[in-house]
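Have a look at the structure below before the remarks.
Rule-based calculations on the coordinates, nothing more; no lab input. As the structure is a computational prediction, the values presented were derived from the model and not from experiment. Virtual Cβ from ideal backbone geometry, glycine too; neighbours counted across all protein chains shown.
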Amino acid sequence: MKFTGLALFAAVAAFSGEATAFVPATGRASVPQKQSSTSLDYSVGIVGATGAVGKEIRKCLEDRGKLPVDQLRIFGSSRSAGTKVDTKYGEVAVELFNVEAARECDVVFLAVDGDFALENAKKICEGDDGAVVIDNSSAFRYEKDVPLVVPEINGKETKKSKLIANPNCTTAIGLMAMWPLIKKFGMKRCIMSTYQASSGAGQPGMDELKAGTKDYLEGKEVTNKIFAHPLPFNVIPQIDKFQDNGYTKEEMKVTWETRKICGLDDDMPISCSAVRIPTIRAHSEVIIIETEKPADVAAAREVLDAAPGVKLVDDPDNLQYPMPLTATGQYDVEVGRIRKSIAFENGLEFFVSGDQLLRGAALNAVLVAEEMDSNGSL
Ligand code: 2RA
């Protein structure tokens, strides 16, 4: 649904109820076109659709069914080009990625690495006829003019740019619980400790954990390529590269991204320790916030219970609290173990678990597109 030239004509005709053939814009001759009576629907592209995040983006589009998709296009490397993928929108042949083809889409999800995004994202979206790009890498997250978006927090930022950055999974999951509390009580500082699943390193990370666990149980040597050390029956207090200040890049991402998404001061004290644990695909986090106003546990529970994208799981008497096993496959982030901190005069401590591939990546990206659809930015 690009409101340019002939597409605008088609869209206007559809609004008036007139049956209209969807007319391809110049340069689209090689793309299979369909006769469409739903010309307000979108041409959606996924680059990296066969990776762990790309697969979940397609699944979120299909399962949620909220973004009106007229045509799904899947772009890949020469290795996957030509292979067929069964989708809710019909069988899709994987196309060899090229910028011009991606620009023909209304929205393109990039589920590829930062180098690829740096090379291609701006070329795909530049100009009036470029596509909206929602990038899952960290390539643009800290650029001033590129919105970094968790739709429930700062969705309106999507009106400002055709290139939107999706946050790091750890940040997105934690903020679902932190943001309602920041709004209610204010925040002076935050200390976070994470327990991150193997899926943070994509399908190869999950595969290495499963294969290594099997080898361990069979008494064989456990080897590691993806993680710095063997992960089965271990925890690794390093995710990403060490920085000059002794923190890892993963830890600093939480600091930088939380400030940007929540519109906090550049010197808001936010400190994270990120640890990899041998779970499959849900990240967990202990979060401690010092609040500006006196912390009230009942009020905290109330705001979290009402917060979109949050599931309150906080019944210690019945052993109910967030866990990776229960958070896996869920759109909502589980929050529990809520208590008044004894380390601060005013403070709260709580525990979250959220599906790393969903809220931490694919779901957030699809929610960004849904937000842009509803606010007229697509
Ligand atoms: C990880 N946060 O868990 C990273 C992935 N984005 O490794």
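For Phe242, Phe75, Phe109, which order do you get if you count the other beta carbons within 10 Å of each Cβ and list the fewest first?
Going from least to most buried by this count: Phe242, Phe75, Phe109.
Out of Gly354, Cys272, Val222, whose Cα points farthest toward the positive end of the dipole of the chain (charges: +1 Lys, Arg; -1 Asp, Glu; placed on Cβ)?
Val222
By how many nm would the segment from Lys123 to Ile226 lengthen if fully extended, with 0.36 nm per residue of separation less the alpha-carbon distance?
Gain on stretching Lys123 to Ile226: 34.0 nm.
Please arrange Thr326, Thr255 by counting, for each residue, the other beta carbons lying within 10 Å of its beta carbon, fewest first.
Thr326, Thr255
What lysines sit close enough to Lys210 to cross-link, taking a C-alpha to C-alpha distance under 22 Å and skipping anything fewer than 8 places away on the same chain?
Lys55, Lys220, Lys225
Which residues' amide hydrogens lie under 5 Å from the amide hydrogen of Lys188, considering only partners 5 or more residues apart or on another chain, with H built in the peptide plane?
For Lys188, whose amide H was placed from the backbone, the distant partners under 5 Å are Glu290, Thr291, Glu292.
Just to confirm a number: summing +1 for Lys and Arg and -1 for Asp and Glu over residues other than Val286 whose beta-carbon lies under 13 angstrom from that of Val286, what do you get?
Net charge around Val286: 0.
In debye, nearest 20, what is the charge dipole magnitude of the stretch 99-139 about its Cα centre with +1 on Lys and Arg Cβ and -1 on Asp and Glu Cβ, if you could check?
80 debye
In the chain, if the dipole is taken from +1 on Lys/Arg beta carbons and -1 on Asp/Glu beta carbons about the Cα centre, which of Thr158, Val92, Gly205 is farthest to the positive end?
Among Thr158, Val92, Gly205, the one farthest towards the positive end of the dipole of the chain is Val92.
Would you list, by chain and number, the lysines whose Cα falls below 22 Å from the Cα of Lys188, excluding same-chain residues fewer than 8 positions away?
Of all the lysines, those that pass the test against Lys188 - Cα under 22 Å, at least 8 places apart if same chain - are Lys253, Lys260, Lys293, Lys340.
Rounded to the nearest 20 debye, what is the charge dipole size of the stretch 171-355 about its Cα centre when +1 sits on each Lys and Arg Cβ and -1 on each Asp and Glu Cβ?
Using Cβ point charges on Lys, Arg, Asp and Glu, the stretch 171-355 gives about 160 debye.
Of the peptides 354-360, 93-99, 273-279, how do they stack up when ordered by the mean number of other Cβ atoms within 10 Å, highest first?
354-360, 273-279, 93-99
Students often forget the sequence filter, so: which lysines lie under 22 Å Cα-Cα from Lys59 once same-chain residues fewer than 8 apart are removed?
Once the sequence-local lysines are set aside, what remains near Lys59 is Lys84, Lys88, Lys311.
Tell me the net charge near Val333. Cut-off is 14 Å between Cβ atoms, Val333 excluded, with +1 for each Lys or Arg and -1 for each Asp or Glu.
Result for the neighbourhood of Val333: -3.
Could you list the square roots of 5 times each eigenvalue of the Cα gyration tensor of the chain, that is, the equivalent ellipsoid semi-axes, sorted largest first and rounded to whole Å?
Ellipsoid semi-axes (Å, largest first): 37, 25, 18.
Running a GNM on the chain with Cα contacts under 10 Å, which residue among Ala307, Ala121, Ala299 ends up with the highest mean-square fluctuation?
Ala299
By DSSP, what percent of the beta bridges with both residues in the chain are antiparallel, rounded to the nearest 5?
So the antiparallel bridges amount to about 50 percent of the total.
May I ask for the net charge around Lys188, where only other residues with Cβ less than 13 Å from the Cβ of Lys188 are counted and Lys, Arg are +1 while Asp, Glu are -1?
Its environment carries a net charge of -3.
Please report the Cα spread of the stretch 171-355 along all three principal axes, rounded to whole Å, starting with the longest.
Cα extents, longest axis first: 54, 43, 28 Å.
Given the options Asp70, Asp315, Asp244, state which has the largest fluctuation in a GNM of the chain using a 10 Å cut-off (strictly under) for Cα springs.
Sorting by GNM fluctuation, first place goes to Asp244.
Calculate the dipole size of the chain relative to its Cα centre from +1 charges on Lys and Arg beta carbons and -1 charges on Asp and Glu beta carbons; express the result in debye to the nearest 20.
It comes to approximately 220 debye.
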